[in-house]
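Just so you know, all these numbers are worked out from the coordinates, no wet-lab data involved. Bear in mind the structure is a predicted one, so any value in this text is a computation, not a measurement. Cβ atoms come from the backbone with ideal geometry, glycine included; neighbour counts cover every protein chain shown.
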Amino acid sequence: MVALGKEKTPHIPSLQFLLAYGVDRQDERALLHVRHTLNQMLRGGIFDQLGVASLNIPKTLSGCGQMAAKRSPPMHCLFNCWRNISSASGQKISADTLSDTFFVEKEMTNSNGWFITSIGEDESWRYYAWRKEEVVATLGEGAALFCDFFDLSDEGNRQGINVLHQPHDRFAYADTLKMDRDAFYSVMKQGRDQLLEIRKQRPALPYNDTVVVSENALMVSAYAQTYTATGEAVFLKKPRSIWNDSF
């Protein structure tokens, strides 16, 4: 899902229903649909391929910024999938979404530890997009492999620039090149880290630091789901902080 066509907004309630139905009825077809959609979300332009975090789910490339309240449902769905479906794709979903919680905590938290309403505004998607020549100039010899894997072109895939996405499964891609999977992942990570440092030099996105209690409640619930799925105590720190600050 590159989020370039009409269907830019995954319908999370439908996925949650299919997941619950598939687990309850042991319907592999329903579970396959959920796994496929979530994996496509993680490989698509709706996911920040450099920062490894999902962008704003509704209208990602139509102009809206990132909103805390709209990050919670996908996180719930991803972790429910990880917990209920024992598969390699479920593990990948979990690993990538861990970084989503880190992104929200780092980029969308005020000085008191509460989640703010949103960051970004119209055309903020450009902050995450790249011209191919920028990538080539930054990565040098490693640019060709990176550009091919993330499907970067001189023409771009949206208004002359490139929204990074993964049209290929990374393991299948590495196997096709007869390249060690761990070595391939290392090369891609190095390239992502280099570009991320360049991106940090761009003008920061504007933000709305309004704190909405209901939005924070949704995020606290998502953190609790993360803890339930992973057992990592670090994900209890944020909910406890918000809870303690509430009284």
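Some points to look at:
- Across the range 174-220 the C-alpha pair distances fall into 10 Å bins from zero in the proportions 20, 22, 22, 25, 11, 0 percent.
- Fewest neighbouring Cβ atoms within 10 Å first, the residues LEU32, LEU38 line up as LEU32, LEU38.
- Taking other C-beta atoms within 10 Å as the exposure proxy, ILE119, ILE46 rank ILE119, ILE46 from fewest upward.
- The range 212-228 - phi-based ³J(HN,Hα) in whole Hz, Karplus 6.51/-1.76/1.60, Gly and Pro as x: 10, 4, 5, 5, 5, 4, 5, 5, 4, 4, 5, 4, 5, 5, 4, 5, 4
- Over all directions, the projected convex hull of the C-alpha atoms in the range 112-189 averages 7.6 nm² in area.
- Spherically averaged projected area of the range 138-247 from its Cα convex hull (nm²): 10.8
- The residues SER153, SER241, when put in order of fewest to most other Cβ atoms within 10 Å, stand as SER153, SER241.
- The order of the peptides 161-168, 192-199 by mean Cβ neighbours within 10 Å, most packed first, is 161-168, 192-199.
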